[in-house]
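The values are calculated or read from the model by the stated rules, or taken from the named source; none is laboratory data. Quick caveat: nothing in here was measured; it's all calculated off a predicted structure. Cβ placement follows ideal geometry from the backbone for every residue including glycine, while neighbour counts extend to all protein chains displayed. Heads up: the accessible areas ignore ligands, DNA and RNA and are worked out on the full protein's heavy atoms, side chains in. Shrake-Rupley method; radii C 1.70, N 1.55, O 1.52, S 1.80 Å.
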Amino acid sequence: MSKLLLKPRSKPRRRRLSMHLKSLRLDRHWLSPEWLSKRLAPSWQACIPLALLIVVGWSVAASAQAPTLEAVAESVGGLKVVLDTMWVMIAAMLVFFMNAGFCMLETGFCRQKNAVNVLAKNLIVFALSTIAFWILGWGLMFGNGNPFFGTEGLFFLSGADNSPLTGDAYQGAYKAIGWAGVPLLAKFFFQLVFAGTAATIVSGAVAERIKFVDFLIFSLLLVGIAYPITGHMVWGGGLLAGAGFWDFAGSTVVHSVGGWAALMSAALLGPRIGKYNSDGTANAFPGHNLSIATLGCLILWLGWFGFNPGSTMGVSSLIAHIAMTTNIAAACGGLAATITAWLLLGKPDLSMVINGILAGLVAVTAACAFVPVWAAAIIGAIGGVLVVYAVLFFDKNKVDDPVGAVSVHLVNGVWGTLAVGLFATGPGVTKFGTELYAEGLGPKAGLFLGGGLEQLWTQFVGAALVGLITVVLSTLFLLALKVTLGIRVSPEEELQGLDIGEHGMEAYAGFVKSATETRVDVAAPSSSGVVDSPY
């Protein structure tokens, strides 16, 4: 039955297949030029040989350019340089934006009559830092030289350099930073914004009484000479680098240096008129705009994600860990400062909350790549407590620091540097299951993680030596300025406000000044130069 059914169907099928093959043979004339010229427009006719040429060309090129292992490696290496350069530049721009944060923070913490002066100092300081670091600072800091400063490629980035080659392949005048696989100008720009940060720290501590011209000169000297010398010892392959001292992103190199310079500047300038009574008690000079100060704090918090993670100078998985340790330290520092101020002062002081966040950020900067996240939380919390007590300590000892720069940057810069010797995991895989850095790329294990006192002692000696050098150089600069130009404005200018006395303008022209500031303005200093009352 099945065979009978299949036969009728198989014959028509074979017949149709045969007819189709015949039609194909008959229709082959569509391949002839005559048929194409009749059926296709001239433009379509021209496309046919062009398409054939493209196909043939692609085939030849593909066969001729079969990738070799060397070509693939070179391509991947070039892509890494591009990605690393992009990351370094973005991180540097975030750190640059921190200038806006310092500007807002210091202006908000100072009085209304000095707002223009604070704004002008924070604006011009990065321009001065750029010039000073370009002319001399970079060469002193990263040039090949002796244990204390560079001697090659000193001026205007003039040294030989074959960046972005790294390691043994690097040949140039800046071998200490030859590990970074980015072009020389990317290295310079990233380090420049760090140098500018150190100078900006001083601005807040000397606010409301320093002469504008003296601040400009001191900033040039700090960024051009003092900062690079200590920086060379740590990051430039100098004395402390050889001794095993570690500071990943600058608790000592940037913040302590700026803090020591700020301390000496505030001490030599003396307190603002009316700040302290004859019995030693302090009068509060509230900031005129805490909204701006809070905005400044948030900008700085954001900028720190360039400051710390950007110090990898390249794209790696370590960036996420550093961002996390940075953020958790800031959070714990802010909370700890809030609680401490609440207990000591009776109220959760907003200025202490702001400085607590910044204290946590400064404290974790040296150790952010070397410690577990839980350790970063402890480091930040201790920093938040320290900053409150430090503000009260310096106020009691008549070191007038309008924004708390010394308490934030110096005290917590030193604390953060010591924290490396307490909480560093040590190279290789730790008992926490995380390998943060390999042998030779970080400190020995800290005291609390089974490493003993060796790394802690190295950190202590390094922080002390950097402090000593910065204090000596800053004092020499300030004394020279005091003898030649005088570093402090006249009492009349100070009482009137530096906006009018130094700049001839007001930040809030047409706005009525607060009654508190008006009463302070009319107060006259006693023979000792101290007003018994702020009114």
Fully extended, how many nm does the chain gain between F97 and W374 (0.36 nm per residue separation, minus their Cα-Cα distance)?
96.9 nm
Taking the Cα atoms of the range 445-515, report the difference between the largest and smallest coordinate on each principal axis, in whole Å and largest first.
63, 34, 17
The range 329-375 - Rg over Rh from alpha carbon coordinates, Kirkwood radius:
1.07
So, in Å, what gap is there between the alpha-carbon centers of the range 292-331 and the range 85-159?
18 Å
So the pair-distance distribution of the range 133-209, from every Cα-Cα distance in 5 Å bins, comes to percents of 3, 16, 23, 22, 15, 7, 6, 4, 2, 1, 0
Length gained, E435-L343, 0.36 nm per residue minus C-alpha separation, equals 29.2 nm
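Could you pull out the pairs from K398/K444; K187/K211; K396/K482 whose alpha carbons sit more than 32 Å apart here?
K398/K444; K187/K211
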Please list, in order along the range 483-498, the HN-Hα scalar couplings obtained from phi with the Karplus expression 6.51 cos²θ - 1.76 cosθ + 1.60 (θ = phi - 60°), rounded to whole Hz, x for Gly and Pro.
6, 8, 10, x, 9, 10, 5, 5, x, 5, 5, 5, 5, 6, x, 6
Not counting ligands, DNA or RNA, and with a 1.4 Å probe, what is C332's accessible surface area in Å² rounded to the nearest 10?
40 Å²
Gain in span if fully extended, A160 to L350, counting 0.36 nm per residue against the direct Cα distance
63.4 nm
Rounded to two decimals, the Rg over Rh value of the range 277-402 from Cα coordinates and the Kirkwood Rh reads 1.05
In the P(r) worked out for the range 355-458, what percent of Cα pairs fall beyond 25 Å?
26 percent
Can you pull out the chymotrypsin sites (Phe, Trp or Tyr not before Pro) in the range 453-512 that DSSP calls coil and that have at most 13 other Cβ atoms within 10 Å?
F511
Charge dipole of the range 404-502 about the Cα centre (unit charges at C-beta), most positive-ward option of S407, L468, L447:
L447
Loop sites in the range 232-304: chymotrypsin sites (Phe, Trp or Tyr not before Pro), DSSP, at most 15 other Cβ within 10 Å
none
Rounded to the nearest 20 debye, dipole of the range 377-496 from Cβ charges on Lys, Arg, Asp, Glu:
280 debye
Using only the alpha carbons, work out the radius of gyration and Dmax of the range 206-336 in angstrom.
18.6, 57
Obtain the nm distance between the two label points defined at L123 and F212 by a simple spin-label model: each point lies 7 Å from its Cα along the Cα-to-C-beta direction.
1.0 nm
